[in-house]
């Protein structure tokens, strides 16, 4: 198996290896003074070149400039893209700043180790290769399947082999980047808003129906409702067509999804965390743990929130790009300002295709038109236009990374310096990227205040765990970065009690969180509300058995076989059935010669269980009418015996009173009756229930005019119009006149030459 040294020697040209040996003082001639063959040179180097003595000897011969460039490569772990190392050297003043790469399509400047006094970067690296300390990564020759044999000019990436690096001393800590300008204005990164918005989104899903579309995206109605609640709402919500175009909301949902705090369930989104259990959920973690978890999920997210599908056909690699940016930021110290544009350039130097895989090929493309194919997507266009588009996408992505996420996580601060956007790593950011312990300033404390007016103020860095518990028993009125405001009420406490939270638990939580006793009136009210909570209890899912009479029920309760299925009597004729024993109970009743009628839990179970006669009498089909049947009939009829009722004017009038109620009575009777409801019964119910309403008699003063045209002409007059109210009577021109205004109307009409006669035309 080939090792690192074999691969290294194989990748370099024979003449290059020969010069490296001469520089190290190794003899590369045979006994006759002839130059050794390449294979013999490689064998000589394997035996004598990769030794401590040779490596330290070469290190001692380096100039200060060469040693500085080597140290910067070692600081980066002994490997880096050539462009990145060059940028480091330029910033440190180790190489000539005027050196630039050649124009696209032209021949690059090639380093020469013989230019001993040159400050050009490629010459310096060539000398480091001549000294046998820095090498190029292997590459393929263009249009060939054979490896390209390297000489002294570096390739796209350089490294120090492990067989050499192990003998090199660890360089002193170096600052790889030069500080940028101090900003005029500083915005301090703070994770408070993001984490609290994450909680607000989750809490909305917990308490509200949140439907999903067919593509599993959250619908706009829910998104708008959530956005209105956030501490930092996304302004893109107003114009976005779907969730993918609302960057902040999309990010929050994907983080919640990755944290397993929400999950799709059918066609809706459901919150999965059980707060009532007070377990070790995400909300109980420290803020550092929460930030670290969000960072880890974000770095692996194969999605660019807020971009929709506008660059999908370019084959973006967001997860790869995020990892590249984190690798770069990991090398930067905390508290040193850097230009945001510098980060963009560093990313493209580190990996030209860090975001768009085709970018590296596009930069080397010599034609004016470019055709690309990435992940099944085709794209094409003018090469220069695509370069501009790619560069803008990369700039926008880096800015989104720093401003819209790392800043919100509290990992960077932002500022503006002479019109340039600058950033710096915070202590938290540096700690999380480097794997060090986070600063103690990230710890949170509880600042809760319970006021006598039942208002609760959660002020300052109150943990999300405390907020999540407050939401169980109090109504949230306001949420912002600094304070959450809640209102404690009978209804909010009742909701908590329904979830299994007790009043003593709530009282204990509030007193522990505030550090003081609750206001006396608040505590007393909570205790009273709790005492009244179970005075009336609804028992759901209960099965009841109803006997024909109390004697039969007593006999069944005392039966040694059937009695074990019955809990207790509810009334003289009704007993509660133990859960889950309905089938054996029915079987036992049949064996005893009792054939029960089984009624369901819904009121519709009583349908088609009576006969309604023409005289309005009603008779149950079964000997023992069910509870649903009794309730439905007792509303509209009078009970006259076991299983018998009678429709009366009094009972129908009590249940009716309007056309709508009468229609409902008839529909219910038709559903209960087996067959078609008798017509006589229908007419009687309509008459008794007020279906036809009441007639009204009223004395009106009417004026009839010659025709409708005359009436409308007079009503158009400002003076007359206020006296005349049209009265619908077919084609007759009638108007109603207030009795007290009749005299005034006569005078007004007289001025128009109209006189009023008593009586209407026949």
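A short reminder: the numbers here are calculations on the coordinates, not readings from a lab. As the structure is a computational prediction, the values presented were derived from the model and not from experiment. Using ideal geometry, Cβ is built from the backbone for each residue, glycine included, and neighbour counts are taken over all protein chains shown.
A few remarks follow.
- Angle of helix 679-689 to the longest C-alpha principal axis of the chain, folded into 0 to 90 degrees and rounded to 10: 90°.
- Within region 543-585, the proportion of Cα pairs with more than 17 Å between them is 18 percent.
- Structural descriptor for the chain: relative contact order 8 percent, calculated from alpha carbon pairs under 8 angstrom and at least 6 residues apart.
- Between 0 and 90 degrees, the angle of helix 64-75 with respect to the longest Cα principal axis of the chain falls at about 30 degrees.
- Exposure proxy shown here: for 250, 294, the number of other Cβ atoms within 10 Å sets the order, fewest to most, as 294, 250.
- The fewest-to-most ranking of 34, 284 by surrounding Cβ atoms within 10 Å reads 34, 284.
- In region 603-689, Cα pairs under 8 Å separated by at least six residues give a relative contact order of 35 percent.
- Rg over Rh [alpha-carbon atoms, Kirkwood Rh] for region 702-750: 0.93
- Most to least packed among 287-293, 185-191, 235-241 [average Cβ atoms within 10 Å]: 287-293, 185-191, 235-241
- For the chain, calculated [θ]222 nm from helices alone, where every DSSP H run of n ≥ 4 adds -39500 (n - 2.57): -12000 deg cm²/dmol
- Listed candidates (i) 0.95; (ii) 1.61; (iii) 1.11 - label of the one calculated as Cα Rg over 2.2 N^0.38 Å: (ii)
- Taking the longest Cα principal axis of the chain as reference, the axis of helix 464-473 is set at about 0 degrees.
- Here each label is just a point 7 Å from Cα along the line to Cβ, and for residue 449 and residue 583 those points are 6.2 nm apart.
- Relative contact order (percent, whole number), region 448-533, Cα cutoff 8 Å, 6+ residue spacing: 30
- Area projected by the alpha carbon convex hull of region 187-434, averaged over all directions, nm²: 14.8
- Long-range Cα-Cα pairs in region 448-533 (distance over 15 Å), rounded percent: 53
- The stretch between residue 214 and residue 719, if pulled fully straight at 0.36 nm per residue, gains 175.4 nm over its current Cα-Cα span.
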